[in-house]
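Below: the structure, in structure tokens.
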Amino acid sequence: MSRHASEDRRWVMEPIGWLRSCYHEKFAVPRQPGLAPAARAQLVLVAPYNHPDCVAGLETYSHLWLTFVFHQTQAQGWKPKVRPPRLGGNQKVGVFASRSTFRPNGLGLSVVRLERIEQGEKLVLHLSGVDLIDGTPILDIKPYLPWSDAHPEAQAAWAPDAPTSLTVHFSLSVQAQLAVHPEGAWLEQLLIQVLSQDPKPAYQKPQPERLYGVALAQHNVRFRYLNAETLEIVELQPLD
């Protein structure tokens, strides 16, 4: 095949599975994996990739790379320059110098923790530390190799460290709900880890009178900013 013909080729890919995630919408999802270790998801593999042979030996790894599709933003297209939240949402950088969801081919890469593999009627990978929304199509899985994939000496220009965390408070009514919830300890941990990442748009200033809402872990969560460093969860209702 000539070089020109190869460049003109279109690559067809299909999902090897679909993600069931505690994140029901894009809003409030941490902007990088691992920032909310309590975030759970299940990767349900589909035929012919759900054969046990496909994951033989995978249980010996603690972390995985997932290649996925930004399926909710692809229709909006992409631009050569984007506005990263870490730069306040005002400065622009090249799309390839960012981790924007608006990319030419809509592909993403995420490191997740493998908790266990369920083999029964379905082949399911139970994951944590995810930053992907429910229904995300997964294209590939690869083991994470710490001696090869981790580079502590790497430089990261305008995003050298994890973002500063906010303090998360709970109203008395929400505290009472969590106290009797069957997974209250986990849900409280998840809410703190997710909302401490400051989910509002970077260019917005905190407005104590404004209520925000997010669908998370089968709950409708409503919260408000007390100030620039603190937010309060004021309502927690199960999703219908």
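Quick notes
- Near Ala228, once Lys and Arg are set to +1 and Asp and Glu to -1 for all other residues with Cβ below 14 Å from its Cβ, the sum equals +1.
- Convex hull volume per residue in cubic angstrom - Cα atoms of the chain: 176 Å³
- Options Val168, Leu226, Leu190, ranked by Cα towards positive dipole end of region 114-240, top entry (Cβ charges): Leu226
- With protein chains left intact and a 1.4 Å probe, residues in the chain average 60 Å² of accessible area per residue.
- Around the Cα centre of region 104-145, unit charges on the Cβ atoms of Lys, Arg, Asp and Glu (plus for the first two, minus for the last two) sum to a dipole of about 140 debye.
- Across all Cα pairs in region 34-131, the calculated P(r) in 10 Å bins from zero up to the longest distance comes to 14, 35, 30, 17, 4 percent per bin.
- Computed E for Trp186/Lys92 - FRET, C-beta separation, R0 45 angstrom, nearest 0.05: 0.70
- Over all other residues within a Cβ to Cβ distance under 13 Å of His63, the charged ones net out to -1, with Lys and Arg as +1 and Asp and Glu as -1.
- In a DSSP loop and with at most 11 other Cβ atoms within 10 Å, the trypsin sites (Lys or Arg not before Pro) in region 138-240 are Arg210.
- For region 124-228, the spread of Cα coordinates along the three principal axes comes to 47, 37, 23 Å, biggest extent given first.
- Packing order of peptides 185-192, 75-82, highest average first: 185-192, 75-82 (average count of other Cβ atoms within 10 Å over each peptide's residues).
- Summed residue charge, Cβ within 12 Å of Leu239's Cβ, Lys/Arg positive, Asp/Glu negative: -3
- Ranked by how many other beta carbons lie within 10 Å on average, peptides 39-46, 144-151 from highest: 39-46, 144-151
- Each stretch of four or more DSSP H residues adds -39500 (n - 2.57); spread over every residue of the chain, this sum gives -3000 deg cm²/dmol at 222 nm.
- Nearest 10 degrees, 0 to 90: helix 184-195 Cα axis against the chain principal axis: 80 degrees
- For region 84-146 and region 25-48, distance of Cα centres in Å: 7 Å
- The Kirkwood radius of region 169-210, taken over pairs of alpha-carbon atoms, gives through the Stokes-Einstein law at 25 °C and 0.890 mPa s a diffusion coefficient of 206 µm² s⁻¹.
- Lysine pairs within the chain, Cα separation less than 22 Å, 8 or more sequence positions apart or different chains: 11
- Stretchable slack from Phe102 to Cys54, in nm (0.36 nm times residue separation minus alpha-carbon distance): 14.2 nm
- Rolling a 1.4 angstrom probe over region 95-210 with all protein chains present gives an accessible area of which 53% lies on carbon and sulfur atoms.
- Dipole magnitude for the chain: computed about the Cα centre from +1 point charges on Lys and Arg Cβ and -1 point charges on Asp and Glu Cβ, it is near 1000 debye.
The values are calculated or read from the model by the stated rules, or taken from the named source; none is laboratory data. The model shown is predicted, which means the values in this text are computed figures rather than measured ones. A quick note on method: Cβ atoms are made from the backbone with ideal geometry, for glycine too, and the neighbour counts reach across all protein chains shown. Just so you know, the surface numbers come from the protein's heavy atoms only, side chains and all, with ligands and any DNA or RNA stripped out. Shrake-Rupley method; radii C 1.70, N 1.55, O 1.52, S 1.80 Å.
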